[in-house]
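Heads up, the thing below is written out as structure tokens.
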Amino acid sequence: MKIMTRDYLLEQMAAKAGVTKKAADDAVRAFTDVVTDALSKGDSITLTGFGTFQISNRAARQGVNPRTGAKLQIPAMKVPKFKAGKALKDAVR
């Protein structure tokens with residue numbers, strides 16, 4: 001399995017879109033900013049065929065410090081979640 005770095009992603013996007021690497025970087029930054037802003041407001045983003053970005057509420061729970069074995073309380077929190085769409089699922093099968 002190969003891990004795609006940000007630099008390689010930008011090169012691939014620039015080549016596919018026929019734009020400069022700087023323009024691809026601007027587009028990626030704009031996308032991540034929009035997704036971050038929407039999720040921080042509690043909104044979800046659906047890209048039909050690709051997937052949905054949404055916030056999931058994780059309940060408070062009890063954890064254990066693996067080093068000391070001491071029990072600790074983990075607070076409830078909101079976490080970002082991505083659910084792949086059908087076209088993306090079909091493409092990676």
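The values are calculated or read from the model by the stated rules, or taken from the named source; none is laboratory data. Every value quoted in this text rests on a predicted model; they were computed, and no experiment measured them. Cβ: placed from backbone, ideal geometry, glycine included. Neighbour counts: every protein chain shown.
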| request: With respect to residue 86, determine if the residue is in contact with a strand residue (DSSP E or B) (Cβ under 6 Å, 6 or more places away or on another chain), surrounded by 10 or more Cβ atoms within 10 Å (Cβ to Cβ) and within 23 Å of residue 35 (Cβ to Cβ). | output: no
| said: I'd like the full set of residues that are surrounded by 10 or more Cβ atoms within 10 Å (Cβ to Cβ) and closer than 24 Å to residue 52 by Cβ, limited to the range 5-17. | reply: 9, 12, 13, 17
| What is the residue count in the range 1-47 for residues that are in a loop (DSSP other than H, G, I, E, B), at pLDDT 95 or above and closer than 21 Å to residue 88 by Cα? | 2
| remark: Cβ pairs under 7 Å, 6+ apart or interchain, first in the range 69-83 and under 15 Å from residue 54 (Cβ atoms), second modelled with pLDDT of 95 or more and among the charged types (D, E, K, R), ordered by first then second residue, are 77/58; 79/58
| note | When restricted to 20, 32, 48, the only residue exposed (fewer than 13 other Cβ atoms within 10 Å of the Cβ) and touching a Gly at 6+ places or on another chain (Cβ under 7 Å) is 48
